[in-house]
Amino acid sequence: MVETPQPRQLLVRNRTPRSAYSRASRSACLFPEARYTGVVGTPRESGFCRIQWRGRMRRAYPRGCIFGLATIAILCCVACSPSNLEQPGPHHDATQAVAPAPKSVSAAREPTTPSAAPPANTAPRKATLSPDTEIAWDQNQVMQALGHISETLQDSEYTHGFRVDSKEGIYHFDCSGLVHYILGKASPMARSASFQGVRGRPLARDYYRTIARSPADAPRAGWQRIERVADIQPGDLIAWLKPKVLTKSTNTGHVAFAVLPPVAVPDSPGAYLLRVADASSLHHDDDTRVGRDGFGMGTILLLTDLRGPADRVRLGRVEVAHA
């Protein structure tokens, strides 16, 4: 003998002393797929009764749902009655022209002079740098040495060591190593002066200090300080100290060579774009180092005030050796 599975049970709220049968009949009207089969128990003290259902019941509505639905239906019928609907206005033909409103006297006497010009465009303009094809590599000996690296470059790597083989195109150094190599080719006097008070090869902070103690009116020991960014020429140096917030970095700063004259940024007083050549592990804007580090060129932004560059930035020019 096959046992019939026990049907699921549903608890229905019984707030009034009505029979469970009448309550089940109302529920069966709301859910046609649910059929009442009988009462299992009578209402208990808790106010619930147990009713047995056959099939599936989706939702148990609270008591008074039918009365609420009937009330909503009556209100909808009253609201939609013809007497409460908005009466349509007189019919107008779509092709009927509408008479224009009469013009006032002041409108008839409009001035014949042209209207004022629209306000000028206040959007910030962009600074335009010359392309790298216009770099004058033969302008001075510093630029000639940089141009030779750019022309013969085959293998470049940013490292704190130093390895150079110009015949094979191998240039492995950091920013200060590049300056050390270029000064040895273009200005041995400036290279010797940068070793003052330095143990080992000069670093970025040492070139910063060398430029800071150099005069601005005339070169001394191969170095001359530049006071204004606008006076930078190709072959000049820019050096700055490491920001104090970079506590984990072992670098002392950065040093680079300018390869193009600076370009002032329109609508930004004291801002200049400068194209530089350096050795770096990071890329600048519009950088030539694609997928690598070491020697390359990029564009940096310099911010100055009326007194000149910031105290942590120094601009210098070396006295090149004459042939």
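Annotations for the structure displayed:
- Cα-based shape type of the range 150-279, given that a ≥ b ≥ c are square roots of the gyration tensor eigenvalues and the cut on a/c is 1.5: rounded
- About the Cα centre, charge dipole magnitude for the range 226-323 (Lys/Arg +1, Asp/Glu -1 at Cβ), debye: 380
- Candidate lysines for bridging to Lys185, where Cα separation is under 24 Å - those fewer than 8 sequence places away on the same chain excluded: Lys167
- Per-residue SASA entry for Val263, accessible area with 1.4 Å probe, Å² rounded to 10: 40
- Net charge of neighbours whose Cβ lies under 13 Å from the Cβ of Leu260, counting Lys and Arg as +1 and Asp and Glu as -1: -3
- Prolate/oblate/rounded label for the range 202-272 (Cα gyration tensor, a/c 1.5): oblate
- Exposure ranking of Leu274, Leu129, Leu246 by accessible area [1.4 Å probe, largest first]: Leu246, Leu129, Leu274
- Dipole of the range 189-271 [Lys/Arg +1, Asp/Glu -1 at C-beta], most positive-end residue of Val265, Ala193, Ser249: Ser249
- Only beta bridges with both residues in the range 154-224 are counted; by DSSP, about 50 percent of them are antiparallel.
- Shape category assigned to the range 138-188 from the gyration tensor of Cα positions, a/c cut at 1.5: oblate
- Under 15 Å from the Trp137 label point (7 Å along Cα→beta-carbon), backbone N, the range 266-292: 277-278
- With R₀ fixed at 30 Å, the C-beta to C-beta distance from Leu282 to Met189 puts the FRET efficiency at about 0.45.
The values are calculated or read from the model by the stated rules, or taken from the named source; none is laboratory data. In this text, all values refer to a predicted model and were calculated from it rather than measured experimentally. Quick reminder, even Gly has a Cβ in these numbers, built from the backbone with ideal geometry, and neighbours come from all protein chains shown. Accessible surface is based on the protein model in full, side chains and every heavy atom, while ligands, DNA and RNA are left aside. Shrake-Rupley method; radii C 1.70, N 1.55, O 1.52, S 1.80 Å.
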